[in-house]
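**Q** Would you mind keeping the following structure in view while I ask a few things?
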Amino acid sequence: MAASSSGIVAGLTALALATVGFLAFRASATVPAELSRPRAAGSLDVSMSKVPRDKKEPDALPAGSGAGQRVVYSVDDDRVWLVDGAGKVKRTFRVTPGSVDPPTGVYAVTSRSNAVTGTDGAPIEHVVRFATMDNVTIGFSAAVKSASPLPDPNPTLRTGGIRESQADGNAMWDFATIGRAVVVIR
């Protein structure tokens, strides 16, 4: 009797694994192209070179940063703009980048996590991921204020976390839902 029970369990396990594998394949095969990889920069008229800045208003949304509802991230200025569908800036703020920058281009938010531990060991919240570069996941997040200080981070650690304040992280979390465009400029 025990031999037949273990055979049934093995058969059910194999069937479950095959089903999960099939569903994972179907899910990956039906992901819209704009969610599975960066879009061509020209699709939103985004400049691949350094976009000009307004000398009188340095925090203004740079020209050449696309159109429509989007998150704009300048790797040179360490600044983010949350832009509505009419092209109006809803919020702009400074960020602290990780050690790996995404290339310029247009991406889409691919995943989000409410609370996790960052690569550097810090507890983080409102994680909004949009790119992967050399096996490093890149996204926005806010560090959770900790009662105990963390040890100094390893300077050789490759991180893609773009850190923002908790208030800015809340705004990003509300704005940058799955599929939202993220435009990376210089």
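The values are calculated or read from the model by the stated rules, or taken from the named source; none is laboratory data. Predicted model only: the values in this text are computed from it and were never measured. Positions of Cβ are backbone-derived with ideal geometry, glycine not excepted, and every protein chain shown enters the neighbour counts. In case anyone asks, the SASA skips ligands and DNA or RNA and just uses the protein heavy atoms, side chains included. Shrake-Rupley method; radii C 1.70, N 1.55, O 1.52, S 1.80 Å.
**Q** Could you list, in sequence order, the residues of the range 168-186 that are open to solvent by 50 Å² or more (accessible area, probe 1.4 Å) and of a type in the set (D, E, K, R)?
**A** Within the range 168-186, D174, R186 meet the criteria.
**Q** Of the numbered conditions (1) open to solvent by 70 Å² or more (accessible area, probe 1.4 Å); (2) modelled with pLDDT under 95; (3) within 14 Å of V182 (Cα to Cα); (4) not acidic (D, E), S36 fails exactly one; give the number of that condition.
**A** Of everything listed in (1) open to solvent by 70 Å² or more (accessible area, probe 1.4 Å); (2) modelled with pLDDT under 95; (3) within 14 Å of V182 (Cα to Cα); (4) not acidic (D, E), S36 misses just condition (1).
**Q** Another question, if that's okay. State all residues of the range 80-107 that are assigned to a loop (DSSP other than H, G, I, E, B) and of a type in the set (V, I, T); if no residue qualifies, say none.
**A** First, pick out the residues of the range 80-107 that are assigned to a loop (DSSP other than H, G, I, E, B): 84-88, 95, 97-104.
Selection gives V95, V100, T104.
**Q** Checking the condition assigned to a helix (DSSP H, G or I) and farther than 18 Å from D78 by Cα, which residue from D168, D174, D120 passes?
**A** On the way: D168 fails: farther than 18 Å from D78 by Cα; D120 fails: assigned to a helix (DSSP H, G or I).
After ruling out the rest, the residue left standing is D174.
**Q** Also, I was wondering about something else. Give the residue that is nearest to F140 (Cα to Cα), with candidates limited to residues of the range 82-93 that are in contact (Cβ under 8 Å) with a residue 60 or more places away in the chain and open to solvent by 40 Å² or more (accessible area, probe 1.4 Å). I'd like the intermediate steps shown before the answer.
**A** From the range 82-93, those in contact (Cβ under 8 Å) with a residue 60 or more places away in the chain are 82, 90-91, 93; that's our starting set.
Next, from what is left, pick out any that are open to solvent by 40 Å² or more (accessible area, probe 1.4 Å): 90-91.
Details: K90: 17, R91: 15 Å.
Ranking the candidates gives R91 first.
**Q** Which one of these does G161 not meet: (1) over 26 Å from A67 (Cα atoms); (2) at pLDDT below 95?
**A** That leaves (1) as the condition not met.
**Q** Ok, one more. Go over the candidates S141, S74, S111, S165 one by one and state the one that is in contact with a Lys or Arg (Cβ under 8 Å, 6 or more places away or on another chain) and open to solvent by 10 Å² or more (accessible area, probe 1.4 Å). Talk me through it step by step, then tell me what you get.
**A** Working: S141 fails: open to solvent by 10 Å² or more (accessible area, probe 1.4 Å); S74 fails: open to solvent by 10 Å² or more (accessible area, probe 1.4 Å); S165 fails: in contact with a Lys or Arg (Cβ under 8 Å, 6 or more places away or on another chain).
Answer to the check: S111.
**Q** List the residue pairs whose Cβ atoms are under 9 Å apart, where the first residue sits in the range 171-186 and is on the phi > 0 side of the Ramachandran plot, the second is modelled with pLDDT under 95 and of a type in the set (D, E, K, R), and the two are 6 or more positions apart or on different chains.
**A** If the second residue must be modelled with pLDDT under 95 and of a type in the set (D, E, K, R), the pairs left are G179/E34.
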